[in-house]
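Working notes, beginning with the structure itself.
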Amino acid sequence: MVRGSSRVVWCAAVVLALAGCGRADVPPERRPAFETTEDLPEKLGADGTTIMVGDPDAKVKVHLYEDLRCPVCEQFETSGGGPQLRKAMLDRTATAQYTLASFLDDGVGGNGSKKAVNALRAALKEGKFLEYHEVLYLNQPEESVDGYTDAYLLKLAGQVEGLRSTAFDAAVKNMKYRDFVTASQKAYERAGGAEEPEGPGTPTAVINDKRIPAEVSGVLQDGTAFTELLQQIHANPWEWEATTL
């Protein structure tokens, strides 16, 4: 009985020790990396418009402002800094936040941006936002063509395993998240402040609450330079916050 009691006490001590060294005490970059983008956690932010993807404890937080019909956004997401950002998200060194605008519909005509944002919100409901977001940019129609139709959006959704369903299809066709689309556009406009009441332009990146200014925004399209920037900010976040670009 004495030996058995000692074993119980020892086990309890181990449990308490493990509880005291919980996940929250381990830096994100020392936690196991996510294997694929499918594993990245996704959620809607408390503001009701920001879509948050990745480890929320990551030191580097990249807030992106995009319009799905914007060809420069497509360049960023497919051949610029976007793929490097996703690698950093998998490594838990960075997390991404998205504010999705739809102003190009008014500029070039049509409803493609609005439909794409609605569809992405529906994909978030299914935990498939980032996968679908990547597919949409890889298959972006010409800016002047209102190509993000219901049929095209559903066709592209078929490339994301497990996304198509009766509920998802209905959400796309019926613009279930039209209020989210409107609120997201307004959030984009607010991000421009008094100097840019129509919004900051797309793509715009704000890293750890500091916006990359337009005059050096070329770093967004250079995968190597963008990777180096993320690494520098991760290593010296206070220097980044104090610097003036």
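The values are calculated or read from the model by the stated rules, or taken from the named source; none is laboratory data. Nothing here was measured: the structure is a model prediction, and the numbers come from that model. We place every Cβ from the backbone using ideal geometry, glycine too, and count neighbours over all the protein chains shown. Side chains included, ligands, DNA and RNA excluded: accessible areas come from the protein's heavy atoms. Shrake-Rupley method; radii C 1.70, N 1.55, O 1.52, S 1.80 Å.
Can you tell me which of 176-185, 98-107 comes out highest on packing, and rank the rest after it, using the mean Cβ neighbours within 10 Å? Intermediate values should be presented prior to the final figure.
On the way: 176-185: 18.7, 98-107: 21.3.
Highest-to-lowest ranking by the protection proxy: 98-107, 176-185.
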Legend entry - Identified option (computed semi-axes √(5λ) of the Cα gyration tensor in Å; candidates (1) 42, 24, 15; (2) 29, 21, 15; (3) 37, 24, 15): (3)
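At 1.4 Å probe radius, can you tell me the per residue accessible area of region 98-245 in Å²? Intermediate values should be presented prior to the final figure.
On the way: 7330 Å² over 148 residues.
Per-residue accessible area for region 98-245 comes out at 50 Å².
How many percent of Cα pairs in region 53-182 exceed 23 Å?
29 percent
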Inset, instruction - Arrange the peptides 188-199, 226-237 so that the one whose residues have, on average, the most other Cβ atoms within 10 Å appears first. - result: 226-237, 188-199
Legend entry - Per-pair calculated FRET efficiency, R0 = 30 Å: residue 241 and residue 35 via Cβ, rounded to 0.05: 0.40
Inset, instruction - Pop out the carbon and sulfur fraction of the accessible area of region 88-245 as a percent, whole number, probe 1.4 Å. - result: 47 percent
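May I ask for the net charge around residue 51, where only other residues with Cβ less than 9 Å from the Cβ of residue 51 are counted and Lys, Arg are +1 while Asp, Glu are -1? Intermediate values should be presented prior to the final figure.
Details: positive: 43, 121; negative: 42.
Charge balance near residue 51 sits at +1.
Over all directions, how big on average is the projection of the convex hull of the alpha-carbon atoms in region 66-116, in square nanometres?
3.7 nm²
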Legend entry - Inter-label distance for residue 227 and residue 189, nm, one decimal - labels placed 7 Å from Cα along Cα-to-Cβ: 4.0 nm
Legend entry - Per-pair calculated FRET efficiency, R0 = 22 Å: residue 111 and residue 169 via Cβ, rounded to 0.05: 0.80
Legend entry - Sites residue 161 and residue 196, calculated FRET efficiency, Cβ-Cβ separation with R0 41 Å, nearest 0.05: 0.55
Legend entry - Helix-derived mean residue ellipticity, 222 nm - over the chain, DSSP H n ≥ 4, -39500 (n - 2.57), to 500: -14000 deg cm²/dmol
